[in-house]
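Student: Could you have a look at this structure, given as structure tokens, before my questions?
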Amino acid sequence: MLSLKHRRRVNTLLLGTLAWGVALAIFFPIFWMILTSFKTEIDAFATPPQLFFTPTLENYLLVNERSDYFHFAWNSVVVSFGSTIIGMLIAVPAAYSMAFFETKRTKSTLLWMLSTKMLPSVGVLVPIYLLFKDLGMLDTRLGLVIIYTLINLPIMIWMAYTYFKEIPKEVLEAARMDGATLLQEIWKVLLPMSKGGLASTVLLSLILSWNEAFWSLNLTASQAAPLTALIASYSSPEGLFWAKLSAVSTLACAPILIFGWVSQKQLVRGLSFGAVK
Amino acid sequence: MANLTIKNLKKSYGEVEILKGINLDIKDHEFVVFVGPSGCGKSTLLRSIAGLEEVTSGQIFLDNKEITELAPAKRDLAMVFQSYALYPHMSVRKNMSFALELAGQDKDLIETKVTEAARILELGPLLDRKPKDLSGGQRQRVAIGRSIVRHPKVFLFDEPLSNLDAALRVQMRLELARLHHDLDATMIYVTHDQVEAMTLADKVVVLNQGRIEQVGSPMELYYHPANQFVAGFLGMPKMSFLPAEVLAGDQSGVQIELASGSQVHLPVSSEAVTRGSSVTLGVRPEHIQVTGKHEGVFKGRLDVAEHLGSDTYCYVKTDAKENLTVRTPGDFQGVFGDTVGLNLDLSQCHLFDDHGQAIHKLSRSAA
Amino acid sequence: MNTSVLQADGINSSSEREDSVMGIAKQNAKISRYMVSPSVLVLLLWMIVPLSMTIYFSLIRYNLLYPGENEFVGLENFHFFLTDEGFVAGMGNTLLLVGAVLLITVVLGVLISVLVNQAFWGQGFVRVMLISPFFIMPTVNALVWKNLLLHPVSGVFAAIWTFFGAEPVDWFSEYPLFSIIMIVSWQWLPFAILLLMTALQSLDQEQQEAARLDGAGPWALFYHLTLPHLARPIAVVVMIETIFLLSIFAEIFTTTGGGPGYETTNLAYLIYSQALLQFDVGLASAGGLIAVVLANIAAFFLVRLVGKSLTEKH
């Protein structure tokens, strides 16, 4: 029989190969999408689909042609960053207070906030739609920003709370004894110490807002529509612009993919509502 | 001037009363140690003085000015935390200058102060390092340095040595004593280690379950404990306690009978005791002598002998199943199971009534 | 020893400013109130206002095409919704969708996360590839699958089928719901993998070594040590996925529009079509409430579990 060491190495090799196989299979659609974005429309629609072809950049260069890509991308950016910034401004003080001035009601308040995230958006589609209609907020970036802030606020508070909890109370007490006011304590000691965790919180909020595909589809038309809506419009049978679709999709997904890769470990906390750490 | 006075301080967390009425006077330049077992309230007391905990009732005065409700930074106190609580994102220099910068002091003045503190604590070469690059002892010195630059009226230390290894602890103890001498400041120091209390303090405050058991100099508490708790808390190894019954008492002392049947006569006041009342005899290891098994006041069987080299501590079980700790010379030859005779230095023994209170000695001896 | 530089200079002397005299307790209470109330207020509004409006709407007759005829009709809307031909199909599809995706993602998630937990060459890169689908926009996801992969003529699947000599499948025509299931599973599998991978990191190494010494083979290790350790995270995955899978919308919207017929309509899409396609606000609101109730059931268990982990972690 093979020696233990030899067997282990074969095992690892087999497992490794299997793992690679599975990963490549799962990643394949994304790979194919990126590949297709470099094809001409004819190549993209070819039967059978081509693995080798002459690449072209025309889809990227003309990305603005069919529809105003930059307009939609800008909407995505404004809405994601806007809701994240406003969200953090509300969330950080709340998380600070709950982490360092815990009262009897803190835990239940936190859980209640989380439960609002579990409310299915579709349940309130009607009133929100009508409300926005009456207030003239349909198809506005402001409207989306407000909605996104509301749906992401619980997670932001939650994540910030768990990261603040990890900061030893005594360091903040030392700052207090050194003469720091509340604002100085937060700005000069707390935030620098928790900047890693807060960065993950910001990233998660950006990812969730960028990819949000319910309100963005229902509350916008053309003015404020973000990239999710732009892509959805490619489904109309206007023409089979597969290559262009791939290019637009790649562009739309690239930043979030990178965000996700970079912060995968930290995101688990927020994604699992803290139940997995 | 830095005189601290505490009047009837009480602190409760909801239903639980942690501090049950503390009255204390601390004089300028004193090194005061709060000592006691876990949960006795010593840290809570310190933090209340610092302003990090709110008091339920009572008052704290610093130089006759009430500070009970003041914010911590306004009390002119500085605290060294058990975990040092250094700012991890700031350099050593910045850690020490933070408070002064917050107060808006002149940059050059800050620089001078930091340099001076660094010199006293030998932190010069470390000034630009971050806390994570420092050893435990170095971090602790930075924590102390942070307090020194503010030149507060009172220094507060919350178990500063408990995170250090044994050798470092001894070294830092000496440095702290030296620091107190050099700075000539008032220091309040919290610890559960009675060795630190004995070696560092001018005044020891023994706390138990939220109350002060006794206040006095280390020697005072060691030789004249006010009650059984203090007697058993200070001194290593612990004082041995033997239950006894009073037989008779007069102006020369009190005659008691031990469980083993032996009778001893102690030179203590007979006022508070009556014939038949239960008392407890307390005797320190260094005040018991081992003799031949047919001599001595009573006998016992040797259980364990701990040879430390300089001394040997023998754990003896008497016929009446009582436990005694005896200090013997380093070359003691006793073996497990040996029967030994024991003699007591009666003038050094303590007698406690049935409430654990010490019964007065007729003449004060030693320290 | 010269310590004159450190002599008192008044930086710590108390001033007579108001806040210095304010009690610490009162300060704390003030802080807590000010800092938390905005978020509480905002979320309270977010919860109460739309929800109460939904309740109100569900009890009246309200169709956007006939404004003004808003009389109270009690539970009539609920009755209509529940007996609507789309409802039974919608509910069935919802349950099928959620159940199938849960099954696929959890089973594959466990297997893959365990597979990837061993060290091998390029492990980091493999992990990155595995979690990628989760970060793709749902609409992109839907169209990439519909067009590039599942298209019966030019899709990759068609090419593979032809390669093996079989007739390519027109997925969206023949198996519409299954196509949706495939798309959604692909998107959510990384979620399960990510959470389970993280949970596996905290597996007790010493326990494993002790078991190996006791003679446990890889299957025994998996069954008796790994699986129980993963029980909690799996529960979390199931609960969170359930909550979000109940409202799957974008994929259906972008590919099938609920059809053919009602074959890919789930509860969310049904409500949407009632509200924004047929403009029957009353009916849609009734449906919305039903969705809320369903989600609440799953949420109840999840909140309990999160609450437990809250108290034990801290």
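Student: For region A:175-198, indicate whether the set of residues that are at the interface with another protein chain (Cβ under 9 Å from one of its Cβ atoms) and over 30 Å from B:A50 (Cβ atoms) is non-empty. It would help to see each step written out before you state the result.
Tutor: Just the residues of region A:175-198 that are at the interface with another protein chain (Cβ under 9 Å from one of its Cβ atoms), to begin with: A:175-182, A:184, A:188-189, A:192-193, A:195.
Within this subset, residues satisfying the condition of being over 30 Å from B:A50 (Cβ atoms) are none.
Checking region A:175-198: not a single residue is at the interface with another protein chain (Cβ under 9 Å from one of its Cβ atoms) and over 30 Å from B:A50 (Cβ atoms).
Student: Of the conditions (1) facing chain A (nearest Cβ under 7 Å); (2) farther than 20 Å from A:W32 by Cβ, C:N147 clears all except one; give me its number.
Tutor: (2)
Student: List the number of the failed condition for C:E263; all other conditions in (1) in a helix (DSSP H, G or I); (2) over 28 Å from C:Y62 (Cβ atoms) hold.
Tutor: The failed condition is (1).
Student: How many residues does region A:160-174 contain that are more than 10 Å from chain B (Cβ to nearest Cβ) and not in a helix (DSSP H, G or I)?
Tutor: Final tally of qualifying residues: 1.
Student: Could you list all residues from region C:147-156 that are surrounded by fewer than 21 Cβ atoms within 10 Å (Cβ to Cβ) and not in a loop (DSSP other than H, G, I, E, B)? Steps first, please.
Tutor: Going through region C:147-156, the residues surrounded by fewer than 21 Cβ atoms within 10 Å (Cβ to Cβ) turn out to be C:152-154, C:156.
Result: C:V156, single match.
Student: Would you check which residues across region B:144-199 are closer than 22 Å to B:L123 by Cβ and charged (D, E, K, R) and list them?
Tutor: Listed by number, the residues that qualify are B:R146, B:R150, B:D158, B:E159, B:D165, B:R169, B:R173, B:E175, B:R178, B:D182, B:D184.
Student: Test C:F178 against the stated conditions and say whether it is more than 11 Å from chain A (Cβ to nearest Cβ), at pLDDT 85 or above and not in a loop (DSSP other than H, G, I, E, B). Let's see the steps before the verdict.
Tutor: Working: more than 11 Å from chain A (Cβ to nearest Cβ): yes; at pLDDT 85 or above: yes; not in a loop (DSSP other than H, G, I, E, B): yes.
Answer is yes for this residue.
Student: Would you mind telling me which numbered condition in (1) of a type outside the set (S, T, N, Q); (2) facing another protein chain (nearest Cβ under 10 Å); (3) surrounded by 24 or more Cβ atoms within 10 Å (Cβ to Cβ) A:L257 fails?
Tutor: Among (1) of a type outside the set (S, T, N, Q); (2) facing another protein chain (nearest Cβ under 10 Å); (3) surrounded by 24 or more Cβ atoms within 10 Å (Cβ to Cβ), A:L257 violates only (3).
Student: Of A:F70, A:F45, which residue is within 11 Å of another protein chain (Cβ to nearest Cβ), of a type in the set (F, W, Y) and under 23 Å from A:Y234 (Cβ atoms)?
Tutor: Among A:F70, A:F45, only A:F45 is within 11 Å of another protein chain (Cβ to nearest Cβ), of a type in the set (F, W, Y) and under 23 Å from A:Y234 (Cβ atoms).
Student: Restricting attention to region B:30-52, does a residue exist that is within 14 Å of chain A (Cβ to nearest Cβ), in a loop (DSSP other than H, G, I, E, B), more than 19 Å from the chain's Cα centre (by Cα) and not acidic (D, E)?
Tutor: yes
Student: Something else about it: Of all residues in region B:117-131, which are among the charged types (D, E, K, R) and at pLDDT below 90?
Tutor: Within region B:117-131, B:R119, B:E122 meet the criteria.
Student: Also, I was wondering about something else. Quick check on C:A295: is it under 18 Å from the mean Cα position of the chain (by Cα), part of a helix (DSSP H, G or I) and closer than 14 Å to A:L114 by Cα?
Tutor: yes
Student: Working only within region C:41-72, note down all residues that are closer than 30 Å to A:A95 by Cβ and either buried (at least 16 other Cβ atoms within 10 Å of the Cβ) or among the small types (G, A, S) (or both).
Tutor: Within region C:41-72, C:V42, C:L43, C:W46, C:M47, C:P50, C:L51, C:S52, C:M53, C:T54 qualify.
Student: I'd like the full set of residues that are surrounded by fewer than 21 Cβ atoms within 10 Å (Cβ to Cβ), in contact with a helix residue (DSSP H, G or I) (Cβ under 7 Å, 6 or more places away or on another chain) and not in a helix (DSSP H, G or I), limited to region A:107-138.
Tutor: Hits for region A:107-138 are A:M137, A:L138.
Student: Same structure, new question: In this structure, does B:E322 turn out to be exposed (fewer than 13 other Cβ atoms within 10 Å of the Cβ), in the same structural domain as B:D250 (by TED's automatic domain parsing) and either among the charged types (D, E, K, R) or in contact with a helix residue (DSSP H, G or I) (Cβ under 6 Å, 6 or more places away or on another chain) (or both)? Show your work before the answer.
Tutor: Details: exposed (fewer than 13 other Cβ atoms within 10 Å of the Cβ): no; in the same structural domain as B:D250 (by TED's automatic domain parsing): yes; either among the charged types (D, E, K, R) or in contact with a helix residue (DSSP H, G or I) (Cβ under 6 Å, 6 or more places away or on another chain) (or both): yes.
Against the criterion (exposed (fewer than 13 other Cβ atoms within 10 Å of the Cβ), in the same structural domain as B:D250 (by TED's automatic domain parsing) and either among the charged types (D, E, K, R) or in contact with a helix residue (DSSP H, G or I) (Cβ under 6 Å, 6 or more places away or on another chain) (or both)), B:E322 does not qualify.
Student: Continuing with the same structure: Might you check whether a residue that is more than 22 Å from B:P225 (Cβ to Cβ) and crowded, with 19+ Cβ neighbours inside 10 Å occurs anywhere in region B:263-281?
Tutor: Within region B:263-281, none of the residues are more than 22 Å from B:P225 (Cβ to Cβ) and crowded, with 19+ Cβ neighbours inside 10 Å.
Student: Right, another one. Within region A:1-90, which helices (runs of 4 or more DSSP H) (wholly inside it) include 2 or more residues that are over 30 Å from the mean Cα position of the chain (by Cα) and of a type in the set (S, T, N, Q)?
Tutor: Fully inside region A:1-90 and qualifying: A:4-36.
Student: Looking at region C:256-310, which of its residues are within 7 Å of another protein chain (Cβ to nearest Cβ) and not hydrophobic (A, V, I, L, M, F, W, C)?
Tutor: C:Y272, C:S285, C:G288, C:G307, C:S309
Student: When residues of region B:313-337 are filtered for being over 21 Å from B:A259 (Cβ atoms) and in a strand (DSSP E or B), how many remain?
Tutor: Residues flagged as over 21 Å from B:A259 (Cβ atoms) and in a strand (DSSP E or B) within region B:313-337 amount to 4.
Student: With respect to B:L258, determine if the residue is in contact (Cβ under 8 Å) with a residue 60 or more places away in the chain, of a type in the set (A, V, I, L, M, F, W, C) and not assigned by TED's automatic domain parsing to the domain that holds B:S38.
Tutor: Spelling it out, B:L258 is indeed in contact (Cβ under 8 Å) with a residue 60 or more places away in the chain, of a type in the set (A, V, I, L, M, F, W, C) and not assigned by TED's automatic domain parsing to the domain that holds B:S38.
Student: Then there's this: Within region B:236-262, restricting attention to residues that are crowded, with 19+ Cβ neighbours inside 10 Å and small (G, A, S), which residue is farthest from B:T328 (Cα to Cα)?
Tutor: The residue in question is B:G249.
Student: Hey, another quick one. If you check B:I288 against the conditions, is it within 26 Å of B:Q214 (Cβ to Cβ), under 28 Å from the mean Cα position of the chain (by Cα) and not basic (K, R)?
Tutor: In short, yes.
Student: So, one more: Going by the structure shown, is C:A220 free of Cβ contacts under 8 Å to residues at least 24 places away in the same chain and closer than 24 Å to A:F28 by Cα?
Tutor: Against the criterion (free of Cβ contacts under 8 Å to residues at least 24 places away in the same chain and closer than 24 Å to A:F28 by Cα), C:A220 does not qualify.
Student: Something else: List every residue pair whose Cβ atoms sit under 9 Å apart, with the two residues 6 or more apart in sequence or on different chains, where the first one lies in region B:141-161 and is more than 11 Å from every other protein chain (Cβ to nearest Cβ) and the second, anywhere, is basic (K, R).
Tutor: Partner pairs satisfying both residue conditions: B:E159/B:K42; B:L161/B:R169; B:L161/B:R173.
Student: Further question on the same structure: As an exercise: evaluate C:F134 against (1) exposed (fewer than 14 other Cβ atoms within 10 Å of the Cβ); (2) at the interface with another protein chain (Cβ under 10 Å from one of its Cβ atoms); (3) aromatic (F, W, Y) and give the number of the one condition it does not meet.
Tutor: (1)
Student: Considering every residue within region C:222-231, establish whether at least one is under 22 Å from A:Q266 (Cβ atoms) and away from chain A (no Cβ under 12 Å).
Tutor: no
Student: Continuing with this model, one more query. Counting only residues that are of a type outside the set (S, T, N, Q) and under 22 Å from B:S38 (Cβ atoms), give me the strands (runs of 3 or more DSSP E) lying completely in region B:156-269 with at least 3 of them.
Tutor: Filter on region B:156-269 gives B:186-191, B:203-208, B:211-216.
Student: Between a first residue in region B:336-353 that is in contact (Cβ under 8 Å) with a residue 24 or more places away in the chain and within 17 Å of B:S277 (Cβ to Cβ) and a second residue that is part of a strand (DSSP E or B) and among the polar types (S, T, N, Q), which pairs have beta carbons less than 6 Å apart while being 6 or more apart in sequence or on different chains?
Tutor: Going by the 6 Å Cβ cut-off, the qualifying pairs are B:F352/B:T280.
Student: Exactly one of (1) within 11 Å of chain C (Cβ to nearest Cβ); (2) farther than 16 Å from A:L245 by Cβ is unmet by A:P29. Its number?
Tutor: Every condition holds for A:P29 apart from (2).
Student: For A:R141, work out the one condition from (1) surrounded by 16 or more Cβ atoms within 10 Å (Cβ to Cβ); (2) more than 7 Å from chain C (Cβ to nearest Cβ); (3) within 20 Å of A:G270 (Cα to Cα) it doesn't fulfil.
Tutor: All conditions are met except number (3).
Student: Let me ask you something else. Would you be able to say whether some residue in region B:40-56 is in contact with a His (Cβ under 9 Å, 6 or more places away or on another chain), under 30 Å from B:N227 (Cα atoms) and buried (at least 19 other Cβ atoms within 10 Å of the Cβ)?
Tutor: Checked region B:40-56: at least one residue is in contact with a His (Cβ under 9 Å, 6 or more places away or on another chain), under 30 Å from B:N227 (Cα atoms) and buried (at least 19 other Cβ atoms within 10 Å of the Cβ).
The values are calculated or read from the model by the stated rules, or taken from the named source; none is laboratory data. Values in this document were obtained by computation on a predicted structure and should not be read as measured data. A quick note on method: Cβ atoms are made from the backbone with ideal geometry, for glycine too, and the neighbour counts reach across all protein chains shown.
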